[in-house]
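Visitor: Dropping a structure here in structure tokens format, bear with me for questions.
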Amino acid sequence: MHSLSQLLHLLQFSCKSLSSLKLLHAHLLSNGFLSNSSSHSTTSVSSLLITFYSSFNQPNSALSVLTSLPFPSLFLWNTLIKSQLKSNHPHTAVEFYHLMLQNGYQPDSYTYTFVLKACASAHDSKMGRLVHEDIKRRNFCNDLFISTALVDMYCKLGFVSDAREVFDSMKLIDIATWNAMIGGLSQNHCSIEALKVFKKMQMANQAPNFITVLNLFPSISHLSNLSLCKTIHCFSIKSCLLDFVFNGLIDSYGKCGSLEIAHKLFDEMSSIRNDVTWATIISGFVYNGFYTKSLELFDAMRISNVKLNQVAVLSALTATSETKNLQKACRHNGLVSEGKRVFNSIKNENKLVEHFACMIDLLGHVGKFDEVSKLINDMKKLEIRVDVSIWGAILGACKMHGNMKLGEIALREMEKLKPKNAAHYVVVSNLYAQNERWNEARKMREIMRLNELNKTPGCSWNGFFIIKDIIIKQIKKKKNYSNV
């Protein structure tokens, strides 16, 4: 018979499958190792069992470990809730919280911290507010960890004013709270407010850490403020944080349009740069429309034997797809070959809908519809949802090349996904007209009329700028402004 310490070791290091976990669990039960719910050893074993069952997506088995004990501790309930949250089952975590309350247990600060995170992950604002009311009722409002979790939850749910209200009412604020508030404001595009809170943090003599700096980058990028980006760059060097934030700096410089500085920083970090660094500089050049340079960098990344990640591949595919609009038809075959090379560099299990969308757009543009159909079938085999944007790209390509058969299929699929969109019918009506199938074209327009579908009128940016120039000339003429 194994000792308890041996079984704990087996549980921690040898349970690689669900079947081995169940076998060990049965052995623990049959030998009475889980009979005394108040002992420290039983709590340790039960906690591990709950964690492992949750990691194997077995929430009911995890719950049965707890309910099989006569008097399970609050620690085990917290472990159950936390393990569901870590296994990406936030709704189940909230359900187990309700079950805990029904069984007469009183939550502690750990319980609330886990449940608030679960509410944020589940996008359940109603439940989040109910938990907040419960926190007030049980006088946990002054708990630092709970208040920080509340700030984080409200920001992630998009209720920035509620997060700010909790933040401003806190008597004690630590670095985690500052970071939650600054990060939440940045992610919700409240860029000026995020910078104000950062200033307030410095005035409170709280030293920022690398997470603080990383949380500022979305605000800098949103404002496209190059001088601010340089300021944070200098601050990072002075605070010895540069090694932790240089990827974010490269991204922000790219978003601010300063590719020269971004590339210089990329070169300076050659000794510590990783796949994220490469992906960041590639996406920066794509963001600014330098597609050829981004593809050169992608090739350099491959030669450097750096692992290709999703962002790098998607950026390269986007660059290839976008370049087709800038090249003459005689160069399309080379671009398609380049796109295929990038696309085929991804393993099937790592392919995302965005990768397929770029490739389908590229192939459709040059009329390779057999290959488009093959990619659609590949998506279905990989159980990747073919969304309305992909069918829209196919429909646009069908109109360009007069492919009536595939265009009709695309319309039927788009009707299922977005039935009230008039633009689909207009494209197909025009496609019928191209093929001189006037009756079908009229039928499409009739369907639109009967269903009261109206296409939103188009708007030309050229027209906008012409009108803007006329307005400015009139203002100058009437008011004699030298500078409008």
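The values are calculated or read from the model by the stated rules, or taken from the named source; none is laboratory data. All values reported here derive from a predicted model rather than from experimental measurement. Please note: Cβ atoms are built from the backbone with ideal geometry, for glycine as well, and neighbour counts cover all protein chains shown. With ligands, DNA and RNA removed, areas are computed over all heavy atoms of the protein, side chains included. Shrake-Rupley method; radii C 1.70, N 1.55, O 1.52, S 1.80 Å.
Visitor: To the nearest 10 square angstrom, how much accessible area does PHE52 have with a 1.4 angstrom probe?
Guide: 40 Å²
Visitor: Count the net charge of all other residues whose Cβ sits under 14 Å from the Cβ of ILE376, scoring Lys and Arg as +1 and Asp and Glu as -1.
Guide: For residues surrounding ILE376, the net value is +1.
Visitor: Using a probe radius of 1.4 Å on heavy atoms only, what accessible surface per residue do you get for segment 163-288? Whole Å² is fine.
Guide: With the other protein chains kept in place, segment 163-288 gives 47 Å² per residue.
Visitor: For every other residue with a beta carbon closer than 13 angstrom to the beta carbon of SER389, add +1 if it is Lys or Arg and -1 if Asp or Glu, then tell me the sum.
Guide: Its environment carries a net charge of -2.
Visitor: Would you check the accessible area of ARG449, probe 1.4 Å, heavy atoms only, in square angstrom rounded to 10?
Guide: 150 Å²
Visitor: Considering only protein heavy atoms, with the full assembly of protein chains and a 1.4 angstrom probe, order CYS240, CYS155 by accessible area, largest first.
Guide: The residues order as CYS240, CYS155, largest area first.
Visitor: Could you tell me which trypsin sites (Lys or Arg not before Pro) in segment 250-321 are loop residues by DSSP with no more than 12 other beta carbons within 10 angstrom of their beta carbon?
Guide: LYS307
Visitor: Defining a contact as two alpha carbons under 8 Å apart and six or more residues distant in sequence, what relative contact order in percent does segment 150-304 show?
Guide: This gives 15 percent for segment 150-304.
Visitor: Over segment 232-309, what percent of the accessible surface lies on carbon and sulfur atoms, probe 1.4 Å?
Guide: Carbon and sulfur atoms account for 54 percent of the accessible area of segment 232-309.
Visitor: Using a 1.4 Å probe, how large is the accessible area of LYS199, given in Å² and rounded to the nearest 10?
Guide: Near enough 120 Å² of accessible area.
Visitor: For segment 354-364, what does the Karplus curve 6.51 cos²θ - 1.76 cosθ + 1.60, with θ = phi - 60°, yield as ³J(HN,Hα) per residue in whole Hz, taken in order and with x for Gly and Pro?
Guide: 5, 5, 5, 4, 4, 5, 5, 4, 5, 5, x
Visitor: Anything over 22 Å Cα to Cα? Flag those among LYS293/LYS340; LYS171/LYS199; LYS307/LYS380; LYS117/LYS418; LYS340/LYS380; LYS307/LYS347, in the order listed.
Guide: LYS307/LYS380; LYS117/LYS418
Visitor: Mind ranking TYR105, TYR112 by accessible surface for me, highest first, 1.4 Å probe?
Guide: TYR105, TYR112
Visitor: Taking the solvent-accessible surface of protein heavy atoms with a 1.4 Å probe, what is the per residue accessible area of segment 71-154 in Å²?
Guide: Dividing the accessible area of segment 71-154 by its residue count gives 48 Å².
Visitor: Near GLY407, within a Cβ-to-Cβ distance under 12 Å, what is the net charge of the other residues, with Lys and Arg +1 and Asp and Glu -1?
Guide: So the surrounding residues net to +1.
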